[in-house]
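First up is the structure itself, then whatever we jot down about it.
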Amino acid sequence: MSGTRITDQQVRLYMSKRKHHTQEVAAAKSGMSSRTARRIERDGRLPSQKPHRDWRTRPDPFAEVWESEVLPLLRSVPGLKAITLLGKLQETHPGEFPDSMRRTLERRVSQWRALEGPGKEVFFPQEHLPGAQGLSDFTDMGGLGITITGVPFAHRLYHFVLAFSHWEYACVVDGGESFEALSQGLQNALWQAGGCPREHRTDSLSAGFRNLQEQDDFTVRYTALLEHYGMVGTRNNRGRGHENGSVESSHRHLKEAIDQALMLRGHRDFAERAAYDGFVREVVMRRNRRNAAGFNVEREHLHDLPERRTTDFVEEEARVTRCGTFTVRGILYSAPSRLIGHRLRVRLYNDRLDCYLSGALVHSTQRGSRVPYGRGRALDYRHFIDALRRKPQAFRGLAFRDDLFPREAYRRTWEQLEARLAQREACKLMVGLLELAAYHGVEAILAERLDALLAAGKLPDLEQLRHEFAPRQPQCPEVVVATPSAALYDTLLDDEVPV
């Protein structure tokens, strides 16, 4: 075969086949050409017995520029690629070095790096002992194209892996890398595993924070978390992801498993966030079943868990403005109007916010996501319905109007109403639709009906939709009970009762 060397084993096989076959057949069975077979028969030596050729059979096209131009560049910048050097030579010597010489130059550069180039990084394989190490990391899932009710869902996975058995835990993180996400994910993983490893390893998680104060705060809380579970914290060198090889390779395999499961599912859209969370859990559970034998061994070496979990939230304060909103970590949230003017103590968990007033839980909402520019918004249209019923005209110019639509169907309905109806009528009808969805629990089914009406080119009829989705309760008949006269009971005294 062209480009490959004939081995001693091939020659021996050829000589064996040649006893019973023609030269062409024996050569084919040995993986060589007939021309090579004839050369073997003329020279009875094995390839290993022949002297190695150390001379050139063709003139070196780079002989004149190698020492004077190429080597100085390589010695000063060893990372230069052969194609870059070839482009440089083509600029300084037009017409002398065509693109067909690229492979020749690549061989010369590769040989120089092997003989005179700088040393390369050495990778040291590690032996993992049961119960010794657990690793945590976050991985971006944007490449899988996950959508929630048709809306792209930008998210990450928190991923924990036991190095010995490759038992793993993963949960969806809607947002960036934060202490809340790490704390909640790590504690969930440890309690699900039933024990703690001696060492917990991460990458440079604090590098994701914007200032030194945030980094210091993260370091203090992370240290307290490790002390609570009796683990020693270690981390890899910044920019050296291979040092966390156990979890980095598991990232790739887990993503592939989720991607394959999505292909079998037939689509990548989920009705709600909880459905996607359950889907990820099922994929992880299937992978853990394959590692059950190793995990049973490692579980015996895990340290005991503490009596209770530690805090996996951060507290901040926020005042509810007269607009019925409050801001926490650059994200705008809504609150019931009765809380306007009050200062709330907000507990930030990985997936939700709990708001307390005077020690009592008064509001809870799903945690929002940051956006690259401006403030993120996580608004609940139900908090504004009562006020909009009294002031429906305010809906048209509302600063966060587009964030109040619970589903895409409502937004497209508003676009049609705004284009085809007068402002007053459009606002009143849209507020009525949102009221119907909020107070009667028909948000999803009403969205489907709106989609059907828009597809048919029709506008919604609010009274008809109310009659269909929220019919009025029938009125109870008025019953009049007459009070009998007391004199009627005197007749009972005249009746004789047999004894």
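A short reminder: the numbers here are calculations on the coordinates, not readings from a lab. Model, not experiment: these values are computed from the prediction. Please note: Cβ atoms are built from the backbone with ideal geometry, for glycine as well, and neighbour counts cover all protein chains shown.
Quick one: if the Förster radius is 25 Å, what FRET efficiency do ALA132 and GLU282 give, using the C-beta to C-beta distance and rounding to 0.05?
Working: r = 29 Å, r/R0 = 1.16.
Approximately 0.30, to the nearest 0.05.
Whose amide H sits under 5 Å from the amide H of GLY233, counting only residues 5 or more places off or on another chain, with H placed in the peptide plane?
Those qualifying (amide H under 5 Å, at least 5 residues apart or on another chain) are HIS200.
In the stretch 314-379, what % of DSSP beta bridges are antiparallel (nearest 5)? Could you put the intermediate results ahead of the total?
Working: 20 of 23 bridges.
Antiparallel bridges: around 85 percent, rounded to the nearest 5.
Go through 82-93, 286-297, 48-59 and give me the packing order, highest mean Cβ count within 10 Å leading. Don't skip to the answer; put the middle values down first.
On the way: 82-93: 15.2, 286-297: 13.0, 48-59: 6.7.
The most tightly packed comes first, giving 82-93, 286-297, 48-59.
So for each of 61-68, 339-346 I average, over its residues, the number of other beta carbons within 10 Å; can you give me the resulting order with the highest mean first? Spell out each step's value before the answer.
Values: 61-68: 13.1, 339-346: 16.0.
Top to bottom by mean Cβ count within 10 Å: 339-346, 61-68.
Between ASP386 and LEU264, what's the calculated FRET efficiency when r is the beta-carbon distance and R0 is 45 Å? Round to 0.05. Kindly include the intermediate steps, with their values, before the conclusion.
Values: r = 46 Å, r/R0 = 1.02.
Step by step, r from the Cβ atoms, then E = 0.45.
Would you mind pulling out the separation of the Cα centroids of the stretch 383-397 and the stretch 58-80, in Å?
Using only Cα atoms to place each centre, the spacing works out to 74 Å.
Which entry in (1) 27; (2) 48; (3) 61 matches percent of Cα pairs over 36 Å apart derived from the coordinates of this structure?
(3)
I'd like the distance between the alpha-carbon centres of the stretch 139-193 and the stretch 258-280, rounded to an integer number of Å.
Using only Cα atoms to place each centre, the spacing works out to 15 Å.
Can you list residues from other chains, or at least 5 along the same chain, whose modelled amide H is less than 5 Å from the amide H of HIS363?
CYS355
Karplus couplings for the stretch 164-173 from phi (6.51 cos²θ - 1.76 cosθ + 1.60, θ = phi - 60°), rounded to Hz, Gly and Pro as x?
Taking θ as phi minus 60°, the curve returns 6, 9, 6, 5, 9, 9, 9, 9, 7, 10 Hz for the stretch 164-173.
What spacing in nm lies between the two simple spin-label points modelled at VAL25 and THR311, each 7 Å away from Cα in the Cβ direction?
Label-label distance for VAL25 and THR311, simple model: 8.6 nm.
Nearest-5 percent of antiparallel DSSP beta bridges in the chain? Provide the component values of the computation, followed by the final result.
Details: 36 of 48 bridges.
So the antiparallel bridges in the chain amount to around 75 percent.
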